[in-house]
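Visitor: Here you go, one structure.
Each value in this text was obtained by applying a stated rule to the coordinates, not by laboratory testing. What you see is a predicted model; the values in this text were computed from it and never measured. Counting neighbours? That spans all protein chains shown, and the Cβs are built from the backbone with ideal geometry, glycine included.
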Amino acid sequence: MAEINGIRVPFIPIEPGGELSGKKIEDSTGKFSSVFREELDKIKFSNHALKRLESRNIKLSDSNISKIQNAVQKAELKGAKDSLIMLDETAYVVNIPNKTVVTAIELNETSENIFTNIDSVVFT
């Protein structure tokens, strides 16, 4: 067991720039950072959106999720905050800074065809 200030500890302390069992400790720009960044960039679905997808029987394929992701990136580049993303015959309201789908509705189910509190529309 390793010791810290004369106390035996059941782990090996890691010192900045130090080594662990002869292996150099990976810095913050390593693999963890890239995986973490990829996960942050993925779109998420709010509980409300998940309920709407289920109740309205809207199925999303990997291809559709990828298209929504691309639309979010385009809207983000233009400075959008809350965007309506049109994909085929389905509308998704997305909070762009959080990359979160807020709700989803098929156009043939809308009675008034009015979407409020959005600042942009992206057609995919």
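Visitor: For the range 43-124, what is the relative contact order in percent, using Cα pairs closer than 8 Å and at least 6 residues apart in sequence?
Guide: The value is 37 percent.
Visitor: Would you grab the residues whose amide H sits under 5 Å from the one on Thr100? Only those 5+ places off in sequence or on another chain, please, with H modelled 1.01 Å from N.
Guide: Close amide H contacts, sequence-distant or interchain: Lys44, Asn95.
Visitor: May I pose another question? Using Cβ counts within 10 Å as a stand-in for footprinting exposure, how do Thr103, Thr116 rank, fewest first?
Guide: Thr116, Thr103
Visitor: If you rank Glu106, Glu112, Glu76, Glu38 by fewest surrounding Cβ atoms within 10 Å, what's the result?
Guide: Ordered from fewest to most neighbouring Cβ atoms within 10 Å, Glu106, Glu112, Glu76, Glu38 come out as Glu112, Glu38, Glu106, Glu76.
Visitor: Moving on to the next point. Please identify every one of the trypsin sites (Lys or Arg not before Pro) in the range 44-124 that sits in a loop by DSSP and has no more than 16 other beta carbons within 10 Å of its own beta carbon.
Guide: Arg56, Lys59, Lys78, Lys81
Visitor: Calculate the spin-label point distance for Leu77 paired with Lys42, positioning each point 7 Å from the Cα along the beta-carbon direction, and give it in nanometres.
Guide: If labels sit at Lys42 and Leu77, their model points lie 2.3 nm apart.
Visitor: So, R0 is 22 Å and r is the distance between the beta-carbons of Leu107 and Ile65; what FRET efficiency does that work out to, to 0.05?
Guide: In this case the efficiency is close to 0.70.
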